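The values are calculated or read from the model by the stated rules, or taken from the named source; none is laboratory data. Since this is a predicted model, take the numbers as computed values, not measurements. A quick note on method: Cβ atoms are made from the backbone with ideal geometry, for glycine too, and the neighbour counts reach across all protein chains shown. With ligands, DNA and RNA removed, areas are computed over all heavy atoms of the protein, side chains included. Shrake-Rupley method; radii C 1.70, N 1.55, O 1.52, S 1.80 Å.
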Amino acid sequence: MDLIDFARGPALQWSLALFIFGIAWRLIGVLLLHRKVDHSLPRHQDTTMGGVRLIFSRMWPKPEFRQSNAVHYALSYTFHIGLFIVIFLFRPHMLFIRDLTGLSWPTLPSGFVYVIGAMTLATLVAMLVRRMSHPVLKMISNFDDYFSWAVTALPVATGLLAVSHLGARYETLLALHILSVCLLLVWFPFGKLMHATLFVISRGTTGALFERKGAST
Amino acid sequence: MRDKTVLELLQARGVSRRGFLKFCATTASLLALPPSAAAAIAETLGKTRRPSVIWLSFQECTGCTESLTRAHLPTIESLIFDAISLDYHHTLQAASGSAAEAAREEAMKAAWGQYVLVVDGSIPLGEQGYYSAIAGVSNLEMLKETAAGAAAIINMGTCAAYGGIPQANPNPTGAVPVSAIIKDKPIVNVPGCPPIPVVMTSVVAHYLTFGAVPELDHLGRPKSFYGDTIHDRCYRRPFYDQGKFATSFDDEGARNGWCLYQLGCKGPTTYNACATVKWNDGTSFPIQSGHGCIGCSEPNFWDKGSFYQPLSAGIWGDRQATLGTAAVAGAAVGAVAAASTRIRQQHASEEK
């Protein structure tokens, strides 16, 4: 079995299994946690909309912090949107997900996605430089932050190398790209990358709580 | 006839010197050699005595031979093959039975250490090699015996080069490629199912001209023909970059000639010259005819998942069972973790 077959076969299968195992573990573990009974009189009975509202309202920066955190916001938006485009709107990636789930959707021209991929990688590097040079960010960063950055940046970097045939033969680069995705999948549920799913629960819970109390969401 | 030069033989078949030089120039170009090499090829081939070639067919479908002989016109390549002393080829030769085997032994004796051995088909090792035998001699035995006196070996087709379809899972005959048995001779792999005829003639021309095999890649293939992927040289490549894909064999995309990646084309990971040299006198190649590349010049191409599954899809067996089990196991562990936390919290509140 050569490297590309290993990557497309056992590596992908077992990393996906670990990904699903980890996601199920973390989500069920959080959702089944005991919640303290709130005996206070609720301002609003139906708190669902408050939860939904906060999930979206927290995506946009508060006016008070816009100026001071402008660079951080710009980098974060570029990176997150870029990553979304690269993962979900590149045809080969959509076909990978379609093969797993049966779902399909329109995609963007490959050439455009390459450009977005390069921008995403540049933004990721800028975010790392900022993390390492900003005194506060540097102080609060730990292994999880740096490793999560690495497993996110690697698939983007190897994907770009593969499409541009830089450094090795295409099938080798493609195998490395898939293996880097496997690493991402394995790490995802157990590190800070899990925020990609937990943010909905944490914001939703906070929003519902605020709504119950009548606070702004 | 063996004493005549290649040029003399070709001239006797009505090939002009201009036609011969054109062939030499084309061969030099195909092999990615400098223009000056064309003259060297012409000079050497012109003087070369009719070289002896022994062609052994083992576990194969005769598609490689068909590929070489099914030219719709008598091309210069086919004439070059006529000019080669093809001393043994059990599909093409008139002799049969013990006479055919005697011809092989005679050819080996006459040109010991100098003949070129062409092999198509893989060699079965199961049952002491007797899954396939010719005149009572196993393929394994015949290969060892004939390779001993060969100057070089050309593996024609994927079966001889990498085991091919006979070696595909579950490989009932224990099929192996030539390189798994012969270790002490220069070997050139010309894979493909079947390979392109002009690649074969160019490799022979290179060997006759320079007395050595052409530059090979890590899989033993001539770099000049197998240096680029089908995808990189494909005329449909711009559609891939534009995100225009055929989604079925009869949709608008297919009719417009868009990229066949979604329909399982293996062009991105397949190294061959199909997209540039093409087939049937440069008429077409599978992608041009509307079907994706199946990756036939790569090792284990038969066991790399469905031909119609996109390259980006995973290759695995019962994924639903594996992933379903993972989800249930994860949920169970999560429930146990939550229950354990609840018990801890209850104990803590009771202690207060």
If unit charges are put on Cβ atoms (+1 for Lys and Arg, -1 for Asp and Glu) and the dipole of the stretch B:104-252 is taken about its Cα centre, the option from B:I154, B:W112, B:F245 lying farthest towards the positive end turns out to be B:W112
Tilt, helix A:12-31 to longest principal axis of chain A (alpha-carbon atoms), in degrees rounded to tens, equals 0 degrees
Taking every residue of A:87-94, the Cβ atoms of other protein chains inside 10 Å of its Cβ average out to 3
For the stretch B:51-226, averaging the sequence separation of alpha carbon pairs under 8 Å that lie six or more residues apart and dividing by its residue count, the contact order in percent is 23 percent
Averaged over the residues of B:340-348, the number of partner chain Cβ atoms within 10 Å of each residue's own Cβ comes to 2
Whole-Hz Karplus couplings 3J(HN,Hα) for the stretch B:144-152, θ = phi - 60° and coefficients 6.51, -1.76, 1.60, Gly and Pro as x, run 4, 5, 6, 5, 4, x, 7, 7, 7
Candidates A:G204, A:G29, A:G82; GNM for chain A (alpha-carbon contacts under 10 Å) flags as most fluctuating A:G29
To the nearest 20 debye, the stretch B:146-298 has a Cα-centred charge dipole, built from +1 on Lys and Arg Cβ and -1 on Asp and Glu Cβ, of 140 debye
Partner lysines whose C-alpha sits under 17 Å from that of B:K109, ignoring same-chain residues fewer than 8 away, are B:K144
The set of residues whose placed amide H lies less than 5 Å from the amide H of B:N155, leaving out same-chain residues fewer than 5 positions away, is B:V119, B:V188, B:N189, B:V190
Output ordering of A:98-105, B:208-215 (per-residue mean of other Cβ within 10 Å, highest first) is B:208-215, A:98-105
In nm, the gap between the two label points placed 7 Å beyond Cα toward Cβ at A:L41 and A:Y146 is 5.5 nm
About its Cα centre, the stretch B:230-344 carries a charge dipole, from +1 on Lys and Arg Cβ atoms and -1 on Asp and Glu Cβ atoms, whose size in debye to the nearest 20 is 440 debye
Helix B:36-47 sits off the longest principal axis of the Cα atoms of chain B, rounded to the nearest 10 on a 0 to 90 degree scale, by 50 degrees
Reduced to Cα centres, the span from the stretch B:286-352 to the stretch A:122-167 in Å works out to 26 Å
Placing +1 on each Lys and Arg Cβ and -1 on each Asp and Glu Cβ in the stretch A:60-217, then taking the dipole about the Cα centre, the residue among A:P109, A:Y73, A:L161 whose Cα reaches farthest towards the positive end is A:Y73
Of every hundred units of 1.4 Å-probe accessible area on the stretch B:230-344, the number belonging to carbon and sulfur atoms, as a percent, is 56 percent
Surpassing 32 Å at the alpha-carbon level, of the pairs B:K223/B:K304; A:K138/A:K213; A:K36/A:K192, are A:K138/A:K213
Highest mean packing first, using Cβ neighbours within 10 angstrom, the peptides A:111-118, B:33-40 sort as A:111-118, B:33-40
Expected vector for the stretch B:155-170, Karplus 3J(HN,Hα) from phi with 6.51, -1.76, 1.60 and θ = phi - 60°, integer Hz, x for Gly and Pro, equals 8, 8, x, 5, 5, 6, 6, 10, x, x, 5, x, 7, 4, 3, x
Counting only protein heavy atoms and rolling a 1.4 Å probe, one gets per residue an accessible area for the stretch B:51-226 in Å² of 38 Å²
Sorted by chain and then number, the residues having a modelled amide H within less than 5 Å of the amide H of B:G314, at least 5 places away or on another chain, are none
Helix A:110-133 sits off the longest principal axis of the Cα atoms of chain A, rounded to the nearest 10 on a 0 to 90 degree scale, by 60 degrees
Along the stretch B:53-61, Karplus-curve 3J(HN,Hα) (6.51, -1.76, 1.60; θ = phi - 60°) to the nearest Hz, with x for Gly and Pro, reads 10, 10, 10, 9, 10, 10, 6, 8, 10
For the protein assembly as shown, the dipole about the Cα centre with charges only on Cβ (Lys and Arg +1, Asp and Glu -1), to the nearest 20 debye, works out at 2280 debye
The set of residues whose placed amide H lies less than 5 Å from the amide H of B:Y115, leaving out same-chain residues fewer than 5 positions away, is B:A151
In terms of the charge dipole of the stretch B:230-344, which places +1 on Lys and Arg and -1 on Asp and Glu at the beta carbon, the residue among B:A335, B:Y235, B:L263 farthest towards the positive end is B:A335
Expected sort for B:264-270, B:130-136, B:227-233 on mean C-beta neighbours within 10 Å, highest first, is B:264-270, B:227-233, B:130-136
Mean per-residue count of partner chain Cβ within 10 Å for A:7-20 equals 5
